[in-house]
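Below is one structure; the comments refer to it alone.
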Amino acid sequence: MTTQIEMPKLVELRNVTKAYGSMTQRPQVVLEHINFTVRQHEFISIVGPSGCGKSTLLRIMMGLVKPEDGEVYYHDKKISSICDAMSMVFQTFALFPWLNVVGNVELGLEGKSFSKEEKRKRVLDIVKVIGLEGYEEAYPRELSGGMKQRVGLARAMVSEPEILLMDEPFSALDPLTSTHLREEVLHLWADPALPPEAVVMVTHNVDEAVYMSDRIIVLTSRPGTIAKEIHIDLPRPRDPRSSELYKLVDEITGFIV
Amino acid sequence: MTIPRVQVGRVIGLLEVLQDFEGKVDLAKVADELRLELDDILPAVDAAKLLRLLQVNTGDLILTEDGKMLLSKNASGRKRMLNNTLASLGEFKGVIDFIKSDHNGEVTKDELVRFLKENMPDVDSEQTFSWIVEWGRYSLLLRYDSGSEKIKITHKGAGLKE
(Lines give C-alpha, C1' and ligand atoms only; values in the text may rest on other atoms or scores of the structure.)
Protein backbone atom coordinates (compact mmCIF):
# COMPACT_ATOMS: atom_id res chain seq x y z
CA MET A 1 0.00 0.00 0.00
CA THR A 2 1.51 3.31 -1.04
CA THR A 3 -0.53 5.51 1.26
CA GLN A 4 0.64 3.78 4.42
CA ILE A 5 2.23 6.92 5.82
CA GLU A 6 -1.10 8.76 5.90
CA MET A 7 -3.07 5.93 7.49
CA PRO A 8 -4.22 6.68 11.04
CA LYS A 9 -2.25 5.23 13.92
CA LEU A 10 -4.08 2.57 15.88
CA VAL A 11 -1.43 1.40 18.30
CA GLU A 12 1.95 2.81 19.13
CA LEU A 13 4.68 1.23 21.22
CA ARG A 14 7.13 3.71 22.64
CA ASN A 15 10.43 2.55 24.02
CA VAL A 16 8.96 -0.67 25.42
CA THR A 17 11.31 -2.72 27.60
CA LYS A 18 10.35 -5.93 29.34
CA ALA A 19 12.46 -7.76 31.92
CA TYR A 20 11.80 -10.67 34.21
CA GLY A 21 13.26 -10.69 37.69
CA SER A 22 13.89 -7.61 39.73
CA MET A 23 15.41 -4.63 37.95
CA THR A 24 17.95 -4.10 40.72
CA GLN A 25 19.36 -7.62 40.76
CA ARG A 26 20.26 -9.26 37.47
CA PRO A 27 17.14 -8.93 35.38
CA GLN A 28 16.53 -11.03 32.28
CA VAL A 29 15.83 -8.43 29.66
CA VAL A 30 13.48 -9.91 27.06
CA LEU A 31 12.61 -6.86 25.02
CA GLU A 32 14.51 -3.62 24.83
CA HIS A 33 13.58 -0.19 23.45
CA ILE A 34 10.86 -1.39 21.11
CA ASN A 35 9.27 1.36 19.03
CA PHE A 36 6.73 0.76 16.32
CA THR A 37 3.33 1.83 15.13
CA VAL A 38 0.41 -0.19 13.86
CA ARG A 39 -1.63 1.70 11.30
CA GLN A 40 -5.07 1.14 9.87
CA HIS A 41 -5.32 -1.51 7.10
CA GLU A 42 -1.94 -3.00 7.93
CA PHE A 43 -1.13 -6.66 8.28
CA ILE A 44 2.07 -6.79 10.30
CA SER A 45 4.18 -9.81 11.11
CA ILE A 46 6.75 -9.98 13.85
CA VAL A 47 9.48 -12.52 13.16
CA GLY A 48 12.61 -13.44 15.01
CA PRO A 49 14.51 -16.32 16.58
CA SER A 50 12.81 -18.29 19.33
CA GLY A 51 13.05 -16.66 22.71
CA CYS A 52 13.27 -13.14 21.28
CA GLY A 53 10.14 -12.04 23.11
CA LYS A 54 7.80 -12.01 20.10
CA SER A 55 4.86 -13.43 22.02
CA THR A 56 5.54 -11.22 25.03
CA LEU A 57 5.37 -8.24 22.71
CA LEU A 58 1.83 -9.18 21.64
CA ARG A 59 0.78 -9.54 25.26
CA ILE A 60 2.21 -6.14 26.08
CA MET A 61 0.32 -4.59 23.14
CA MET A 62 -2.93 -5.99 24.41
CA GLY A 63 -2.28 -4.90 27.98
CA LEU A 64 -2.04 -8.45 29.35
CA VAL A 65 1.57 -7.91 30.42
CA LYS A 66 3.00 -4.67 31.75
CA PRO A 67 6.35 -3.46 30.40
CA GLU A 68 9.07 -2.43 32.87
CA ASP A 69 9.65 0.68 30.84
CA GLY A 70 7.96 2.45 27.96
CA GLU A 71 4.29 2.79 27.03
CA VAL A 72 1.68 1.45 24.67
CA TYR A 73 -0.78 3.91 23.16
CA TYR A 74 -4.10 2.99 21.62
CA HIS A 75 -5.51 5.87 19.57
CA ASP A 76 -3.02 8.13 21.35
CA LYS A 77 -4.28 7.08 24.76
CA LYS A 78 -1.99 5.22 27.09
CA ILE A 79 -3.08 1.64 27.78
CA SER A 80 -3.12 0.75 31.46
CA SER A 81 -5.27 -2.39 31.43
CA ILE A 82 -6.46 -4.97 28.91
CA CYS A 83 -7.52 -3.20 25.73
CA ASP A 84 -10.86 -4.60 24.61
CA ALA A 85 -10.46 -3.33 21.06
CA MET A 86 -7.94 -6.12 20.54
CA SER A 87 -8.32 -9.86 20.68
CA MET A 88 -5.90 -12.71 20.40
CA VAL A 89 -5.62 -16.03 18.58
CA PHE A 90 -3.33 -18.50 20.36
CA GLN A 91 -0.98 -21.12 18.94
CA THR A 92 -2.51 -23.93 21.00
CA PHE A 93 -6.11 -22.73 20.45
CA ALA A 94 -6.87 -22.28 24.19
CA LEU A 95 -10.36 -23.78 23.99
CA PHE A 96 -12.41 -24.97 26.93
CA PRO A 97 -12.96 -28.73 26.51
CA TRP A 98 -16.25 -28.69 28.40
CA LEU A 99 -17.82 -26.09 26.10
CA ASN A 100 -19.00 -26.78 22.57
CA VAL A 101 -18.14 -24.57 19.60
CA VAL A 102 -20.91 -22.07 20.32
CA GLY A 103 -19.93 -21.91 24.01
CA ASN A 104 -16.27 -21.36 23.21
CA VAL A 105 -17.00 -18.64 20.67
CA GLU A 106 -19.41 -16.93 23.07
CA LEU A 107 -16.52 -16.47 25.51
CA GLY A 108 -15.26 -13.81 23.12
CA LEU A 109 -18.26 -11.69 24.17
CA GLU A 110 -17.63 -12.06 27.90
CA GLY A 111 -18.15 -8.73 29.59
CA LYS A 112 -19.99 -7.19 26.63
CA SER A 113 -23.36 -5.73 27.44
CA PHE A 114 -25.35 -7.42 24.68
CA SER A 115 -28.56 -9.28 25.45
CA LYS A 116 -28.47 -13.04 25.44
CA GLU A 117 -30.25 -13.14 22.08
CA GLU A 118 -27.90 -10.57 20.57
CA LYS A 119 -24.89 -12.57 21.78
CA ARG A 120 -26.27 -15.76 20.27
CA LYS A 121 -26.94 -14.01 16.98
CA ARG A 122 -23.42 -12.60 16.81
CA VAL A 123 -21.93 -15.99 17.64
CA LEU A 124 -23.91 -17.77 14.94
CA ASP A 125 -23.05 -15.08 12.39
CA ILE A 126 -19.30 -15.35 12.96
CA VAL A 127 -19.49 -19.16 13.10
CA LYS A 128 -20.89 -19.02 9.58
CA VAL A 129 -18.31 -16.54 8.29
CA ILE A 130 -15.42 -18.60 9.68
CA GLY A 131 -16.73 -21.80 8.04
CA LEU A 132 -17.81 -23.52 11.27
CA GLU A 133 -21.44 -23.88 10.30
CA GLY A 134 -22.50 -27.46 11.00
CA TYR A 135 -20.03 -27.78 13.90
CA GLU A 136 -22.01 -25.65 16.39
CA GLU A 137 -22.59 -28.44 18.89
CA ALA A 138 -19.20 -30.14 18.49
CA TYR A 139 -16.77 -30.24 21.43
CA PRO A 140 -13.07 -29.47 20.96
CA ARG A 141 -12.07 -33.14 21.30
CA GLU A 142 -14.22 -33.94 18.25
CA LEU A 143 -12.46 -31.35 16.10
CA SER A 144 -9.33 -31.49 13.97
CA GLY A 145 -6.57 -28.96 14.67
CA GLY A 146 -7.70 -26.80 11.78
CA MET A 147 -11.26 -26.67 13.04
CA LYS A 148 -10.06 -25.92 16.58
CA GLN A 149 -8.11 -22.94 15.32
CA ARG A 150 -11.18 -21.76 13.44
CA VAL A 151 -12.97 -21.74 16.79
CA GLY A 152 -10.07 -19.72 18.21
CA LEU A 153 -10.41 -17.31 15.30
CA ALA A 154 -14.19 -17.07 15.66
CA ARG A 155 -13.85 -16.36 19.38
CA ALA A 156 -11.37 -13.59 18.62
CA MET A 157 -13.49 -12.12 15.82
CA VAL A 158 -16.92 -12.27 17.47
CA SER A 159 -16.26 -9.08 19.42
CA GLU A 160 -15.41 -7.32 16.12
CA PRO A 161 -11.96 -6.29 17.33
CA GLU A 162 -10.27 -3.32 15.78
CA ILE A 163 -6.95 -5.12 16.01
CA LEU A 164 -6.50 -8.86 15.75
CA LEU A 165 -3.40 -10.32 17.38
CA MET A 166 -2.28 -13.79 16.33
CA ASP A 167 0.44 -15.69 18.15
CA GLU A 168 1.86 -18.40 15.85
CA PRO A 169 -1.68 -19.23 14.70
CA PHE A 170 -0.70 -21.87 12.13
CA SER A 171 2.35 -23.50 13.65
CA ALA A 172 0.51 -26.27 15.51
CA LEU A 173 -1.18 -27.39 12.28
CA ASP A 174 -0.02 -29.85 9.64
CA PRO A 175 1.17 -28.27 6.34
CA LEU A 176 -2.00 -28.98 4.34
CA THR A 177 -4.29 -27.63 7.03
CA SER A 178 -2.15 -24.56 7.62
CA THR A 179 -2.11 -23.80 3.88
CA HIS A 180 -5.87 -23.87 3.92
CA LEU A 181 -6.30 -21.76 7.05
CA ARG A 182 -3.81 -19.12 5.86
CA GLU A 183 -5.89 -18.71 2.71
CA GLU A 184 -9.04 -18.35 4.77
CA VAL A 185 -7.50 -15.70 7.01
CA LEU A 186 -6.31 -13.73 3.96
CA HIS A 187 -9.76 -14.07 2.48
CA LEU A 188 -11.34 -12.61 5.62
CA TRP A 189 -8.68 -9.90 5.70
CA ALA A 190 -9.45 -8.95 2.10
CA ASP A 191 -13.14 -8.44 2.91
CA PRO A 192 -13.59 -4.77 3.83
CA ALA A 193 -16.95 -5.50 5.44
CA LEU A 194 -15.28 -7.50 8.19
CA PRO A 195 -13.19 -6.38 11.14
CA PRO A 196 -10.33 -6.06 12.05
CA GLU A 197 -8.71 -2.81 10.92
CA ALA A 198 -5.25 -4.25 11.48
CA VAL A 199 -3.60 -7.60 12.17
CA VAL A 200 -0.40 -8.23 14.10
CA MET A 201 0.88 -11.77 13.76
CA VAL A 202 3.83 -13.38 15.48
CA THR A 203 5.46 -16.18 13.52
CA HIS A 204 8.79 -17.93 13.17
CA ASN A 205 7.90 -18.86 9.58
CA VAL A 206 9.41 -16.23 7.28
CA ASP A 207 7.68 -17.60 4.15
CA GLU A 208 4.36 -17.21 5.90
CA ALA A 209 5.21 -13.68 7.05
CA VAL A 210 6.20 -12.53 3.55
CA TYR A 211 3.21 -14.24 1.95
CA MET A 212 0.71 -12.59 4.30
CA SER A 213 2.02 -9.24 5.48
CA ASP A 214 2.27 -5.61 4.44
CA ARG A 215 5.13 -5.04 6.84
CA ILE A 216 7.54 -7.30 8.71
CA ILE A 217 9.31 -6.41 11.92
CA VAL A 218 12.41 -8.51 12.54
CA LEU A 219 13.52 -8.90 16.14
CA THR A 220 17.01 -9.82 17.30
CA SER A 221 17.54 -12.60 19.81
CA ARG A 222 17.43 -11.85 23.53
CA PRO A 223 17.13 -9.13 24.41
CA GLY A 224 14.73 -8.60 21.53
CA THR A 225 15.30 -5.32 19.75
CA ILE A 226 14.05 -4.31 16.32
CA ALA A 227 16.68 -5.35 13.79
CA LYS A 228 14.79 -4.30 10.68
CA GLU A 229 11.41 -3.26 9.33
CA ILE A 230 10.56 -4.32 5.80
CA HIS A 231 7.58 -3.24 3.73
CA ILE A 232 6.22 -5.94 1.47
CA ASP A 233 4.72 -4.23 -1.54
CA LEU A 234 3.94 -7.34 -3.58
CA PRO A 235 0.40 -7.13 -5.03
CA ARG A 236 -2.28 -9.43 -3.63
CA PRO A 237 -3.26 -12.18 -4.09
CA ARG A 238 0.36 -13.29 -3.95
CA ASP A 239 2.00 -16.27 -5.51
CA PRO A 240 3.73 -18.12 -2.66
CA ARG A 241 6.23 -19.52 -5.15
CA SER A 242 7.21 -16.36 -7.00
CA SER A 243 10.86 -15.38 -7.28
CA GLU A 244 10.20 -11.92 -5.74
CA LEU A 245 8.77 -13.63 -2.69
CA TYR A 246 11.69 -16.04 -2.40
CA LYS A 247 14.10 -13.13 -2.65
CA LEU A 248 12.44 -11.33 0.26
CA VAL A 249 12.36 -14.54 2.30
CA ASP A 250 16.10 -14.96 1.78
CA GLU A 251 16.77 -11.35 2.67
CA ILE A 252 14.73 -11.49 5.88
CA THR A 253 16.10 -14.87 6.91
CA GLY A 254 19.53 -13.25 6.61
CA PHE A 255 18.59 -10.73 9.31
CA ILE A 256 17.49 -13.45 11.70
CA VAL A 257 20.35 -15.94 11.53
CA MET B 1 -14.62 -47.10 0.34
CA THR B 2 -16.68 -44.09 -0.65
CA ILE B 3 -16.48 -42.24 2.64
CA PRO B 4 -13.60 -39.74 2.83
CA ARG B 5 -11.17 -40.70 5.59
CA VAL B 6 -9.28 -37.46 6.18
CA GLN B 7 -10.01 -34.02 7.63
CA VAL B 8 -11.83 -31.59 5.34
CA GLY B 9 -9.16 -28.91 5.84
CA ARG B 10 -6.44 -31.15 4.48
CA VAL B 11 -8.35 -31.83 1.29
CA ILE B 12 -8.95 -28.16 0.64
CA GLY B 13 -5.35 -27.36 1.60
CA LEU B 14 -4.16 -29.83 -1.01
CA LEU B 15 -6.36 -28.20 -3.66
CA GLU B 16 -4.91 -24.82 -2.74
CA VAL B 17 -1.38 -26.12 -3.18
CA LEU B 18 -2.40 -27.49 -6.59
CA GLN B 19 -3.81 -24.13 -7.54
CA ASP B 20 -0.47 -22.50 -6.68
CA PHE B 21 1.08 -24.84 -9.24
CA GLU B 22 -1.48 -23.79 -11.84
CA GLY B 23 -3.61 -26.84 -11.35
CA LYS B 24 -1.09 -29.56 -12.14
CA VAL B 25 1.87 -30.89 -10.22
CA ASP B 26 3.79 -34.06 -9.52
CA LEU B 27 2.70 -35.73 -6.28
CA ALA B 28 6.30 -36.21 -5.17
CA LYS B 29 6.93 -32.50 -5.63
CA VAL B 30 3.97 -31.60 -3.39
CA ALA B 31 5.32 -33.91 -0.70
CA ASP B 32 8.75 -32.37 -1.05
CA GLU B 33 7.45 -28.77 -0.93
CA LEU B 34 5.38 -29.42 2.18
CA ARG B 35 8.07 -31.59 3.77
CA LEU B 36 5.54 -34.39 4.11
CA GLU B 37 5.81 -38.11 3.50
CA LEU B 38 3.70 -39.47 0.64
CA ASP B 39 1.73 -41.44 3.21
CA ASP B 40 0.67 -38.19 4.84
CA ILE B 41 -0.71 -36.80 1.60
CA LEU B 42 -2.34 -39.88 0.10
CA PRO B 43 -5.47 -39.83 2.29
CA ALA B 44 -6.14 -36.26 1.13
CA VAL B 45 -5.47 -37.26 -2.49
CA ASP B 46 -7.86 -40.21 -2.19
CA ALA B 47 -10.60 -38.08 -0.66
CA ALA B 48 -10.20 -35.32 -3.23
CA LYS B 49 -10.36 -37.91 -6.00
CA LEU B 50 -13.46 -39.46 -4.48
CA LEU B 51 -15.09 -36.04 -4.35
CA ARG B 52 -14.11 -35.47 -8.02
CA LEU B 53 -12.00 -32.45 -7.08
CA LEU B 54 -8.80 -33.80 -8.57
CA GLN B 55 -7.54 -36.45 -10.97
CA VAL B 56 -4.39 -38.48 -10.79
CA ASN B 57 -2.52 -39.12 -14.01
CA THR B 58 0.83 -40.97 -13.94
CA GLY B 59 2.00 -39.34 -10.75
CA ASP B 60 0.57 -35.90 -11.54
CA LEU B 61 -2.23 -34.38 -9.51
CA ILE B 62 -4.59 -32.37 -11.68
CA LEU B 63 -7.26 -30.03 -10.40
CA THR B 64 -10.64 -30.78 -12.01
CA GLU B 65 -13.26 -28.20 -13.02
CA ASP B 66 -15.14 -29.09 -9.83
CA GLY B 67 -11.95 -28.52 -7.84
CA LYS B 68 -11.46 -25.09 -9.39
CA MET B 69 -15.09 -24.24 -8.79
CA LEU B 70 -14.85 -25.26 -5.13
CA LEU B 71 -11.83 -23.02 -4.60
CA SER B 72 -13.64 -20.06 -6.12
CA LYS B 73 -16.46 -20.30 -3.56
CA ASN B 74 -16.72 -18.96 -0.03
CA ALA B 75 -17.19 -21.20 3.02
CA SER B 76 -20.95 -21.64 2.58
CA GLY B 77 -20.63 -22.23 -1.16
CA ARG B 78 -18.07 -24.97 -0.59
CA LYS B 79 -20.30 -26.68 1.94
CA ARG B 80 -23.23 -26.58 -0.45
CA MET B 81 -21.15 -27.97 -3.29
CA LEU B 82 -19.76 -30.82 -1.22
CA ASN B 83 -23.12 -31.77 0.23
CA ASN B 84 -24.37 -32.55 -3.27
CA THR B 85 -21.31 -34.65 -4.05
CA LEU B 86 -21.24 -36.49 -0.72
CA ALA B 87 -24.92 -37.35 -0.88
CA SER B 88 -24.28 -39.06 -4.22
CA LEU B 89 -21.39 -41.27 -3.03
CA GLY B 90 -22.46 -44.91 -2.66
CA GLU B 91 -21.61 -45.67 0.94
CA PHE B 92 -22.14 -42.14 2.21
CA LYS B 93 -25.56 -42.18 0.58
CA GLY B 94 -26.20 -45.55 2.21
CA VAL B 95 -25.55 -44.00 5.61
CA ILE B 96 -27.84 -41.06 4.86
CA ASP B 97 -30.59 -43.43 3.70
CA PHE B 98 -30.18 -45.51 6.85
CA ILE B 99 -30.61 -42.44 9.08
CA LYS B 100 -33.50 -41.24 6.93
CA SER B 101 -35.23 -44.58 7.37
CA ASP B 102 -35.90 -43.65 10.99
CA HIS B 103 -39.18 -41.73 11.03
CA ASN B 104 -37.54 -38.88 12.97
CA GLY B 105 -34.44 -38.97 10.78
CA GLU B 106 -32.35 -39.64 13.87
CA VAL B 107 -30.38 -42.69 15.06
CA THR B 108 -28.00 -43.30 17.95
CA LYS B 109 -24.28 -43.68 17.50
CA ASP B 110 -24.60 -47.38 18.48
CA GLU B 111 -27.23 -48.00 15.84
CA LEU B 112 -25.13 -46.41 13.13
CA VAL B 113 -21.95 -48.20 14.20
CA ARG B 114 -23.87 -51.49 14.08
CA PHE B 115 -25.12 -50.62 10.59
CA LEU B 116 -21.54 -49.88 9.51
CA LYS B 117 -20.29 -53.18 10.95
CA GLU B 118 -22.90 -55.12 9.02
CA ASN B 119 -22.47 -53.30 5.75
CA MET B 120 -18.76 -52.51 5.74
CA PRO B 121 -17.22 -55.35 7.71
CA ASP B 122 -13.71 -54.62 6.43
CA VAL B 123 -13.29 -51.18 7.97
CA ASP B 124 -13.03 -49.90 11.53
CA SER B 125 -16.62 -48.83 12.13
CA GLU B 126 -15.91 -46.51 15.09
CA GLN B 127 -13.43 -44.59 12.99
CA THR B 128 -15.72 -44.56 9.99
CA PHE B 129 -18.38 -43.14 12.26
CA SER B 130 -16.05 -40.24 13.14
CA TRP B 131 -15.39 -39.51 9.47
CA ILE B 132 -19.11 -39.56 8.74
CA VAL B 133 -19.61 -37.03 11.53
CA GLU B 134 -16.73 -34.86 10.23
CA TRP B 135 -17.98 -34.72 6.65
CA GLY B 136 -21.66 -34.75 7.60
CA ARG B 137 -21.12 -31.71 9.81
CA TYR B 138 -18.97 -29.88 7.30
CA SER B 139 -21.43 -30.40 4.47
CA LEU B 140 -24.43 -29.63 6.69
CA LEU B 141 -26.00 -33.00 5.81
CA LEU B 142 -25.86 -34.35 9.36
CA ARG B 143 -25.80 -33.09 12.91
CA TYR B 144 -24.31 -35.00 15.79
CA ASP B 145 -24.68 -34.32 19.49
CA SER B 146 -21.98 -36.21 21.38
CA GLY B 147 -23.84 -35.64 24.66
CA SER B 148 -26.93 -37.61 23.67
CA GLU B 149 -24.95 -39.60 21.03
CA LYS B 150 -27.64 -38.93 18.47
CA ILE B 151 -26.92 -38.37 14.81
CA LYS B 152 -29.57 -36.61 12.85
CA ILE B 153 -30.36 -35.77 9.28
CA THR B 154 -30.70 -32.04 8.55
CA HIS B 155 -33.26 -30.52 6.20
CA LYS B 156 -30.52 -30.36 3.60
CA GLY B 157 -29.65 -34.01 4.17
CA ALA B 158 -33.29 -34.99 3.83
CA GLY B 159 -33.41 -33.18 0.50
CA LEU B 160 -35.87 -30.61 1.83
CA LYS B 161 -35.62 -26.89 1.42
CA GLU B 162 -34.83 -25.01 4.62
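Listed values for the stretch A:87-100 are Karplus-derived 3J(HN,Hα) couplings in whole Hz (6.51 cos²θ - 1.76 cosθ + 1.60, θ = phi - 60°), namely 9, 10, 10, 9, 4, 9, 6, 6, 9, 8, x, 8, 10, 7, and x replaces Gly and Pro. Remark: the stretch B:75-153 projects, on average over all directions, an area of 5.1 nm² (convex hull of Cα atoms). Ordered from largest to smallest accessible area (heavy atoms of protein chains, 1.4 Å probe), the residues B:58, A:92, A:220, A:177 come out as B:58, A:92, A:220, A:177. Rolling a 1.4 angstrom probe over the stretch B:80-145 with all protein chains present gives an accessible area of which 44% lies on carbon and sulfur atoms. Once the 1.4 Å probe is applied to the protein heavy atoms, the stretch B:40-90 comes out at 45 Å² accessible per residue. Electrostatic tally near residue A:31: other residues with Cβ closer than 11 Å to its Cβ, Lys and Arg +1, Asp and Glu -1, net +1. Report, in degrees rounded to the nearest 10, the 0 to 90 angle that the Cα long axis of helix B:109-119 makes with the longest principal axis of chain B. Once rounded, one gets 70 degrees.
Each 5 Å bin from 0 upward holds the following percent of the Cα-Cα pairs of chain A: 1, 6, 13, 17, 19, 17, 13, 9, 4, 1, 0, 0. Close amide H pairs (under 5 Å, H built 1.01 Å from N) link residue A:10 with A:38, A:39, A:40, residues at least 5 positions away or on another chain.
What the stretch A:110-176 shows is 39 Å² of accessible area per residue, with the surface traced by a 1.4 Å probe over protein heavy atoms.
With Rh defined as the Kirkwood radius, the inverse of the mean 1/r over Cα pairs, the Rg/Rh of the stretch B:8-71 is 0.91. Measuring heavy-atom accessible area with a 1.4 angstrom probe and counting protein chains only, the residues of the stretch A:105-139 that give up at least 10 Å² relative to the chain alone are A:128, A:131, A:133, A:134, A:135, A:136, A:137, A:138, A:139. The accessible area of residue A:86, taken with all protein chains in place and a 1.4 Å probe, comes to roughly 10 Å². When A and B come together, around 2400 square angstrom of accessible surface is lost from both chains combined, probe 1.4 Å.
Estimated from the Cβ-Cβ distance and a Förster radius of 22 angstrom, the FRET efficiency linking residue B:76 and residue A:190 is about 0.85. The P(r) of chain B has a tail past 18 Å containing 59 percent of all C-alpha pairs. Shown in residue order for the stretch B:36-49 are the 3J(HN,Hα) couplings computed by the Karplus curve 6.51 cos²θ - 1.76 cosθ + 1.60 at θ = phi - 60°: 10, 6, 3, 4, 7, 9, 4, x, 5, 4, 4, 5, 5, 5 Hz (x for Gly and Pro). Helix-only arithmetic for the protein assembly as shown: the sum of -39500 (n - 2.57) across DSSP H runs with n ≥ 4, divided by the residue total, places the mean residue ellipticity at 222 nm at -12500 deg cm²/dmol. In order along the stretch B:136-151, phi translates into HN-Hα couplings of x, 5, 4, 8, 6, 7, 10, 10, 9, 10, 6, x, 8, 6, 10, 10 Hz, rounded to whole numbers, per the Karplus curve 6.51 cos²θ - 1.76 cosθ + 1.60 with θ = phi - 60° and x for Gly and Pro. Here the peptides B:82-88, B:48-54, A:113-119 are ranked by packing, the mean other Cβ count within 10 Å, and the order with the highest first is B:48-54, B:82-88, A:113-119.
The values are calculated or read from the model by the stated rules, or taken from the named source; none is laboratory data. Only a predicted model underlies this, so the values are computations on that prediction, with no experimental measurement involved. FYI the Cβ positions are ideal-geometry reconstructions off the backbone, even for glycines, and counts take in every protein chain you see. Keep in mind that these areas ignore ligands, DNA and RNA; they rest on the heavy atoms of the full protein, side chains included. Shrake-Rupley method; radii C 1.70, N 1.55, O 1.52, S 1.80 Å.
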